[in-house]
Amino acid sequence: MNINELAQLVDNAAFKATPVKQISEGQSLTLDEAYEVQKQMIDLRLKRGERLIGLKMGFTSQAKMTQMGVDDMIWGRLTDEMIVQNGGSVNMSKYIHARAEPEICFRVSKDIHGEIELDDLDQYVDGIAPALEIIDSRFENFKFSLEDVVADNCSSTGVVVGKWLAPTREIANLKMTLSFDNEVKAEGSSFDILGDPWKSLQAATRLAHQYGEKIKAGHIIMAGASTAAIFIEKDTTISVNVEKLGSCSFRVS
Ligand code: OOG
Ligand code: MG
């Protein structure tokens, strides 16, 4: 299949919540081609009226790389359709085999042109929030190669963002927990995200520039999960708490 056909394949799988075979089982794809599939897949969403709201980083923690058997950072695109209101609910039928993971999110205050130095990043951020990502691989059994998952927009499906706080540099050592109905399912530290989530934002500016994607004022950037992701369950309230930053949650119906 060519790039455009692959973009339609993953888009359709997401739209219908029906898994497909890994691309890498049938053909080989370079990483650059995989990012091109992702871009064209997002273009299909934008044509349906969705709006680009930011980017997400993936595999910025060892816990995630180990869980999924990959060894490099990736990035994907977020659209407004993926936002799940904090405290809101989502029907399980929207997903194939979704998992939840604890994250931290940045809000960008002005357009970013090129890679930004770590020390200069706070000039571009006006909010930090606890966040929860819902990921749902479009591939059977949630199995993929690095190229597969990049083509599949890094399994992006849902984003819950908590209350925005004034940015602080002191977020490198915060306890992060993922709970299902108050039972802790995964526990980590923001230190697990590249040693400091700000470094993940730095990497986002580098990768966005490298691939010609613009980070704009108002965009949100998800830093990547600090722990392995956990399969969501029906009739459950799923929440993330980040020490000092607070909590966010959604209900699976
Ligand atoms: C890919 C997405 C990785 C993260 O936070 O590391 C990711 C996946 O695990 O399916 O979102
Ligand atoms: Mg994530």
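Worth pointing out:
- Residues of the chain: accessible area per residue with a 1.4 Å probe, Å²: 42 Å²
- Extended-chain gain in nm, criterion 0.36 nm per residue less alpha-carbon gap, residue 93 and residue 184: 30.3 nm
- Relative to the current alpha-carbon distance between residue 243 and residue 51, full extension at 0.36 nm per residue lengthens the span by 66.0 nm.
- Highest mobility in the GNM of the chain, judged by mean-square fluctuation with C-alpha springs under 10 Å and restricted to 25, 50, 33, is found for 25.
- Solvent-free Debye scattering, log10 I(q)/I(0), computed from the Cα coordinates of segment 109-183 at q = 0.16, 0.18 Å⁻¹: -0.92, -1.04
- Counting protein heavy atoms only, the chain has 47 percent of its accessible area on carbon and sulfur, 1.4 angstrom probe.
- Protection proxy ranking, peptides 70-78, 206-214, 192-200, 130-138, average beta carbon neighbours within 10 Å, highest first: 130-138, 192-200, 70-78, 206-214
- With kT/(6 pi eta Rh) evaluated at 10 °C and eta = 1.306 mPa s, and Rh the Kirkwood radius from Cα pairs, the chain diffuses with a coefficient of 89 µm²/s according to Stokes-Einstein.
- Maximal additional length on extending the residue 216-residue 1 stretch stands at 74.1 nm, based on 0.36 nm per residue less the C-alpha distance.
- Over the chain: helical MRE at 222 nm, DSSP H runs n ≥ 4 each giving -39500 (n - 2.57), nearest 500: -7500 deg cm²/dmol
- Cα-Cα P(r), segment 7-137, percent of pairs per 10 Å interval: 9, 35, 40, 14, 1
The values are calculated or read from the model by the stated rules, or taken from the named source; none is laboratory data. Worth saying up front: this structure is predicted, and the values here are computed from it rather than measured. Positions of Cβ are backbone-derived with ideal geometry, glycine not excepted, and every protein chain shown enters the neighbour counts. Please note that ligands, DNA and RNA were not included when accessible areas were found on the heavy atoms of the full protein model with its side chains. Shrake-Rupley method; radii C 1.70, N 1.55, O 1.52, S 1.80 Å.
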